[in-house]
Amino acid sequence: MDTLQDKVIVVTGAGSGIGQAMAVAFARAGAKIVAADVQADALGATVADLHAMGADVHSVTCDVSDEAAVNAMAAATMARFGAVHVVCNNAGVAGNGDPWFGPIAPWQWTMGVNFWGVVYGVRAFLPLIIGSGGGHIVNTASLAGLIPGFAASYDASKHAVVAITEDLYLTMRTAGLPIGVSCLCPGWVRTGILESDRNWPAGMGEMPQRDAAAEVMRGHVKRAIDEGLPPAAVADLVVDSVLADRFWVFPHADWVSGPILARWHRIAEGENPEPSEETPGLPPRAQIMAEVMAALGAS
Ligand SMILES: NC(=O)c1ccc[n+]([C@@H]2O[C@H](COP(=O)([O-])OP(=O)(O)OC[C@H]3O[C@@H](n4cnc5c(N)ncnc54)[C@H](O)[C@@H]3O)[C@@H](O)[C@H]2O)c1
């Protein structure tokens, strides 16, 4: 896209973190914003910030794991602005609980928001973007979509987002449609993702608690996130990528040239997976393992 001036941009998960920063960055570039989130109070704060900037904003409280709600958000976008040009399917959660021995609900929640939310978003908005003369879709995946080892349900949801986003790009190219596609794969970013439980749906029953080992890991991940990139830096990269029609959006290039490339070399050689001894932002694996064993009383 040549310009974002007066274009209509939809951002899900706009109440916090990367989504909030994207809404601000697109507004700064002159766009009209549809800000969507399931958390009404956080969404209200973002909308107040956007109004203070003088932006033209429409706010939609929407659970992206609910197809009817996403379709209603698309209808509301057209009713308010009459067109839509860029959609950022960004809302995401990271759930608790053991993937194999715990309840199934965290899988359903994580896949519902991170995976189905993206599928519903693309399906609802793609025909409308085409009808508006073309535009761009940005799906927020993660480096966890390129290398497993964070948490099984989160990794699965993000690998799926990488796959469908690449499929979408190839389809748009093959069909010759004027739709750019970007796949955002951040590493650690200073956001509220570790407090995702605040939006745990009451209908899913009791929220699973973290065990001692998970608490150890959470402490290290929290530090990595607190020391991570500011969301505004990621948002600026997204805006640049839309304007430059760039598919891969990698705010943490060192991960790609390091552990992710190493994984792909192992795959190419047919070697079994190996846990990374060093993960950017985290202490060495041996230290984490020792702390986990101590927390479990097994040291
Ligand atoms: N922060 C990181 O280190 C990091 C790294 C890689 C990828 N990501 C991805 O970035 C995206 C944004 O997350 P963030 O880090 O800004 O976290 P965040 O918690 O600060 O923001 C996520 C937003 O999504 C909203 N949300 C949650 N469930 C929703 C639902 N069902 N429907 C609509 N909105 C919902 C939340 O209310 C929140 O405002 C997510 O997809 C996340 O997986 C984050």
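General observations
- Against the chain, whose longest principal axis comes from its Cα atoms, helix 117-131 is set at around 20 degrees.
- Relative contact order for the range 140-299: 26 percent, from Cα pairs under 8 Å spaced at least 6 residues apart, divided by residue count.
- Taking the square roots of 5 times each eigenvalue of the Cα gyration tensor of the range 85-169, largest first, gives ellipsoid semi-axes of 27, 13, 8 Å.
- Cα long-axis angle, helix 285-295 against the chain (0 to 90 degrees, to the nearest 10): 70 degrees
- For the chain, the longest principal axis of the alpha carbon atoms and the long axis of helix 67-81 meet at an angle near 40°.
- Pairwise FRET efficiency - ARG210 versus TRP264, Cβ, R0 = 41 Å, nearest 0.05: 0.85
- Whole-angstrom Cα spans of the range 178-221 along principal axes, big to small: 48, 30, 15
- Kirkwood-based shape ratio for the range 110-153, expressed as Rg/Rh from alpha carbons: 1.11
- Over the chain, Cα pairs under 8 Å with separation of 6+ residues give a relative contact order of 18 percent.
- As computed over the chain, the Cα convex hull volume per residue (Å³): 130 Å³
- Mean ellipticity per residue at 222 nm, deg cm²/dmol - from DSSP H runs of n ≥ 4 across the chain, formula -39500 (n - 2.57): -14000 deg cm²/dmol
- Length-normalised contact order for the range 1-58 - Cα pairs under 8 Å, 6+ apart - percent: 36 percent
- Length gained on full extension, ALA83 to ARG28: 17.9 nm, using 0.36 nm per residue less the C-alpha separation.
- Taken over the range 118-211, the alpha-carbon convex hull comes to 129 cubic angstrom per residue.
- Taken about its Cα centre, the range 1-51 carries a charge dipole of roughly 100 debye when the Cβ of each Lys and Arg holds +1 and the Cβ of each Asp and Glu holds -1.
- Local net charge near HIS136, Cβ-Cβ under 13 Å (Lys/Arg +1, Asp/Glu -1): -1
All of the numbers you see were taken from the coordinates with simple rules; none came from a lab. Keep in mind the model is a prediction, meaning the values are calculated, not measured. All Cβ positions, even for glycine, are placed from backbone atoms using ideal geometry, and neighbour counts span all protein chains on display.
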